[in-house]
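S.K.: Handing you this structure, nothing more for now.
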Amino acid sequence: MPVPVPSGPARPGPATPPPASPASGEGSASGAVPVSGVAPVPPVSGEGSASPGYRAVFRVREFRFVFVAHLCSLLGVVVSELALTVLVYDLTRSPLLSSLTFALGFLPYLVGGTLLAGLTDRLPPRRILVVCDLVCAGCVAVMTVPATPVAVLLALRCAIALVSPVFNGTRMATLADILGEGDLFVLGRSLLRIVSQSALLTGFAAGGVLLTVVPPRGALVVTAATFLLSALLLRLGTARRPARAAGKPALGGLAGTRAVLGDRRTRALMLMFWVPPLFAVVPEALAAPYADEIGVSTAALGLLMCALPVGTIAGELFAGSFLSAAARSRVVLPLAVVGVLPYLLYAVRPGVALAALALFLAGATGAYTLGLDAWFVAAVPEEWRGRAMTLMTAGMMTVQGLGMAGAGLAAEFAPVHTVVAGTGVLGTLCLLGAAFELWATERRDGADRHMTSG
C-alpha cells in the first residue's frame, strides 16, 4: 500500500485509567448502582500488551447496564421501524409513504447531530441518555393511538431520529468515562457495534414474527416498553457524572460544529469514519435488484443481505480477541483502504456464492474501526468529546443514506453489477485520499511532539 501507516495513536496519553469509582469523584445518585461494585480490572497499557479480551469489559458492572440498555433500545428501534412501515402501508396502501418511514430514519440525523451536539457536553450525560429514551418512548406511545394521522406518525419518526445522534454520541462519550480511554473503551465500542450488526440479522426477523402475533400498533407498544426499560437501566445502573464542559465556555449549534471540525486531526479522523460506509452500503442497497438481475430466489437475496454484517461481526471479534492495541493501530489504514476492493468481483457478474464472499470480505475489513476508535478518543479534548462523537455518528448515518440514494440513482442508468464494481474503484480512490490526509496529520502531530520534547 502506498500510504505509510502511523505507528500508534495520534497523541500520547496516559495509560488507561481503571474504571471510574466514587473515590475518583464520580459519586452515584440516589438509586444508582455504585461504581465501587465493579470487579477490579487492571489498566491496559495498549502498545505492547495483548488484548484484555471482551470478558474484561463485562467485568465492569456499569458497562453491563449500558450494554443491556443498548440491546433494549436497539431492538425497540428495529421493531418500531418494521411495525411503523407496515402500519403506514396498511393505512395508505402507498409504497412511497411506507418506504419513507425508513428514509426518515436517516435524514434528521444531520440536523440533530449538527444543532443539538453541544448538549452532550453541557448537560450531565446520564440525564441526556434517560431523557432521550423517554422522548422515544413517548413518541412511540403516541403512535399506538388509533386516531393518529399518518403525517403525525411520520413526524414522530423524525423526532425519534432527531434525538438519536445525541443519545448515541453521549453514550459513546460516557463509555470513555466508564471504561477509560484505552483498550477497554475500544472493546466496549466494538461490542456495541457487534450488537448493532446482529440486530440487522435478528431484529427484523423477530419483528416479523411479532407482527404475525400482534397488530402493528401492538408491536409499537412492545417498542415503547423497551425504551422505558432502557431508560430505567441507565438511570439505576450508571453513575451520576457532571457535564464534561461544566464551567467552561461553550459554543452552541453551528459555531460548536465549526470549532470541532476546525481541528485538522479531528476532521481527518471523522472522514475516515464517514467515507467507508458511504460506499459500503451500495451492494446492500442494490441487493434486491442484483438478485433479480442474476435470477435467484428470495432465499439467495437473504444470503446477500446477511453476508456483509456477518463479515463485520467476524472481523471485529477477531481483532478484539486476538490483536493487541498496537496491532490494531497498525492495520487501521491498510484495512480501511482495501475495504471496498472486494466489490470489484461484481465486475464478472458473480453468482450468489462469490458475491456473498465479496461482501463477507468487505465486512471483515471493518475491523479497522477498533484502532480508529482509539485514535479518535485520544485526539479529541474531553470537553468536546460528546459533541465530536455526536457529529461522527450523525455523519455516518447521513452518508449511509446518501450512499443508498446514490446507488439507486446510478442503477437507473447502468447494470447493478457495474454500479457495485464501479463503487469498488471510486471508493478505493476516495479512501486512499482520506487515508493520506489522516497519515499527514499523524506526521504533523508527531513532528510537533518531537519539537516540544526537544
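The values are calculated or read from the model by the stated rules, or taken from the named source; none is laboratory data. Keep in mind the model is a prediction, meaning the values are calculated, not measured. Cβ atoms come from the backbone with ideal geometry, glycine included; neighbour counts cover every protein chain shown. These area figures cover heavy atoms from the full protein model, side chains too; ligands, DNA and RNA do not enter into them. Shrake-Rupley method; radii C 1.70, N 1.55, O 1.52, S 1.80 Å.
S.K.: Quick one: which of SER190, SER198 is within 19 Å of the chain's Cα centre (by Cα) and at pLDDT below 90?
M.R.: Result: SER198 is the single residue among SER190, SER198 that is within 19 Å of the chain's Cα centre (by Cα) and at pLDDT below 90.
S.K.: Pick from segment 267-316 the residues that are surrounded by fewer than 20 Cβ atoms within 10 Å (Cβ to Cβ) and not in a helix (DSSP H, G or I): which of them is modelled with the lowest pLDDT?
M.R.: SER297
S.K.: Between VAL377, VAL331, which is among the aliphatic types (A, V, I, L, M), touching a residue at least 40 places away in the same chain (Cβ under 8 Å), open to solvent by 10 Å² or more (accessible area, probe 1.4 Å) and more than 30 Å from SER297 (Cβ to Cβ)?
M.R.: VAL331
S.K.: Ok, one more. Limited to segment 370-395, what total is found for residues that are of a type in the set (A, V, I, L, M, F, W, C) and out of contact with any helix residue (DSSP H, G or I) (no Cβ under 8 Å at 6 or more places or on another chain)?
M.R.: Selection size over segment 370-395: 1.
S.K.: Here's a follow-up. Select from segment 370-397 the residues that are under 20 Å from ALA336 (Cβ atoms) and among the β-branched types (Val, Ile, Thr) and list them in ascending order.
M.R.: Of everything in segment 370-397, those that are under 20 Å from ALA336 (Cβ atoms) and among the β-branched types (Val, Ile, Thr) turn out to be VAL377, VAL380, THR393.
S.K.: Would you confirm, using the coordinates I've provided, whether VAL111 is buried (at least 17 other Cβ atoms within 10 Å of the Cβ), part of a helix (DSSP H, G or I), out of contact with any strand residue (DSSP E or B) (no Cβ under 7 Å at 6 or more places or on another chain) and β-branched (Val, Ile, Thr)?
M.R.: On the way: buried (at least 17 other Cβ atoms within 10 Å of the Cβ): no; part of a helix (DSSP H, G or I): yes; out of contact with any strand residue (DSSP E or B) (no Cβ under 7 Å at 6 or more places or on another chain): yes; β-branched (Val, Ile, Thr): yes.
Considered against the rule, which asks whether it is buried (at least 17 other Cβ atoms within 10 Å of the Cβ), part of a helix (DSSP H, G or I), out of contact with any strand residue (DSSP E or B) (no Cβ under 7 Å at 6 or more places or on another chain) and β-branched (Val, Ile, Thr), VAL111 comes out as no.
S.K.: When ARG61 is evaluated against the numbered criteria (1) farther than 30 Å from ALA151 by Cβ; (2) open to solvent by 40 Å² or more (accessible area, probe 1.4 Å); (3) modelled with pLDDT of 80 or more; (4) in contact with a Leu (Cβ under 9 Å, 6 or more places away or on another chain), which criterion, by number, is the only one it fails?
M.R.: Only one criterion is unmet by ARG61, namely (4).
S.K.: So which pairs qualify, if the first residue must be in segment 214-235 and in a helix (DSSP H, G or I) and at pLDDT 95 or above, the second must be of a type in the set (D, E, K, R) and open to solvent by 70 Å² or more (accessible area, probe 1.4 Å), the Cβ gap must be under 8 Å, and the two must be at least 6 apart or on different chains?
M.R.: Pairs found: none.
S.K.: Let me ask something else about it. So which residues in segment 396-405 are open to solvent by 10 Å² or more (accessible area, probe 1.4 Å) and in contact (Cβ under 8 Å) with a residue 24 or more places away in the chain, if there are any at all?
M.R.: Within segment 396-405, MET396, MET397, THR398, VAL399, GLN400, GLY401, LEU402, MET404 meet the criteria.
S.K.: Take segment 114-146 and flag every residue that is open to solvent by 40 Å² or more (accessible area, probe 1.4 Å) and part of a loop (DSSP other than H, G, I, E, B).
M.R.: Listed by number, the residues that qualify are LEU116, LEU123, VAL145, PRO146.
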